[in-house]
1. Using a simple charge model, +1 on the beta-carbon of Lys and Arg, -1 on the beta-carbon of Asp and Glu, nothing else, what dipole does the range 7-229 show about its Cα centre, in debye to the nearest 20?
2. Aspartates and glutamates within cross-link reach of Lys6: Cα-Cα under 17 Å, excluding same-chain residues under 8 positions apart?
3. Hey, any idea what % of the range 1-103's accessible area is carbon plus sulfur with a 1.4 Å probe?
4. In a Debye calculation with equal point scatterers on the alpha-carbon sites of the chain and no solvent, what is log10 I(q)/I(0) at q = 0.14, 0.16 Å⁻¹?
5. Which distance in nm do the two modelled labels at Arg130 and Lys39 give, with both placed 7 Å along the Cα-to-Cβ direction?
6. Peptides 166-176, 39-49, 68-78: what's the order by average Cβ count within 10 Å, highest mean first?
7. Could you work out how much longer the chain between His194 and Arg217 gets when fully extended? Use 0.36 nm per residue separation minus the Cα distance between them, nm to one decimal.
8. With no solvent and one point per C-alpha, what does the Debye sum give as log10 I(q)/I(0) for the range 110-235 at q = 0.16, 0.22, 0.23 Å⁻¹?
Amino acid sequence: MILSGKAILITGASRGIGAAVAKRLSRAGADVALCGRDKTALEATKRDCEGEGARVALLPGDIRDVAYAAGLAENAFGALGRLDAVVNSAGVFVTGPAQDADLAEWDQALDVNFRAWMHLTRRALPILMRQPESAVVNLCSIAGRTTFPGGGIYTATKHAVHAWSNCLFDDVRDKGVKVCAIYPGYVNTDMAAHVPGDHDNMIQPDDVAQTVEFALRLPATSCPTEIVLRPQRPL
């Protein structure tokens, strides 16, 4: 995919990985629709993207709201005149032993990390399939391929994204839609603030953004359905 002039919808774009993806794709010539709950932070990302020359649609809201999530693709298309890719990046990190689970928090994790992605993508697919080449990129986690104590709900949502992404690829590959799931280890964002060690040795948000760009740029004859990123240096 040639990114210049393409329109890409990015969730979780207020900060962290989502903001880094928005900036990198803007630098590559894409226009972006930005989604997130923190409107002030989202506006800062917007300014950065506009500084790279991108047209930017600001679509603030809570992705847990099904009506909001389901309408994002149409709203992005209406604002930018086209839609070529969706990058699902919004997420929350909820952990704790299953026997002590706050089920309201677990429901929230399911809503943000998985359910909203399905609603958004389901409504985006008919729009994406109008293009000869389009993509869905799901920013999963290494937790979608492993487990850890206290990780019941977080890993469950990420394993769900893993399975759904692979099924989605099989469903739409013949429609010209690529589906790529990216599985980073620890990324130097607020979500990993509690992790001990040297955070400079973590994966950096722009490392993930560069991986998204790589996935989008690959020729139409191939699709990187799964990309695992691990920190190169010990923490």
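The values are calculated or read from the model by the stated rules, or taken from the named source; none is laboratory data. Note that the structure is predicted; figures quoted are calculated from it, not measured. Every residue, glycine as well, gets a Cβ built from its backbone with ideal geometry; the counts of neighbours run over all protein chains shown. For the accessible areas, the whole protein counts, side chains as well, though only heavy atoms, and no ligand, DNA or RNA atoms are used. Shrake-Rupley method; radii C 1.70, N 1.55, O 1.52, S 1.80 Å.
1. Details: 21 positive and 26 negative charges, 130 e Å.
About 620 debye.
2. By straight Cα distance, Lys6 reaches Asp31, Glu50, Glu52, Glu74, Asp84, Glu133, Glu213.
3. Accessible surface attributable to carbon and sulfur in the range 1-103 totals 47 percent.
4. -0.84, -1.12
5. In this crude label model, Arg130 to Lys39 measures out at 2.8 nm.
6. Numbers: 166-176: 13.9, 39-49: 17.3, 68-78: 19.5.
Averaged packing, sorted descending, gives the order 68-78, 39-49, 166-176.
7. Fully extending the segment from His194 to Arg217 adds 4.9 nm.
8. -0.83, -1.34, -1.41
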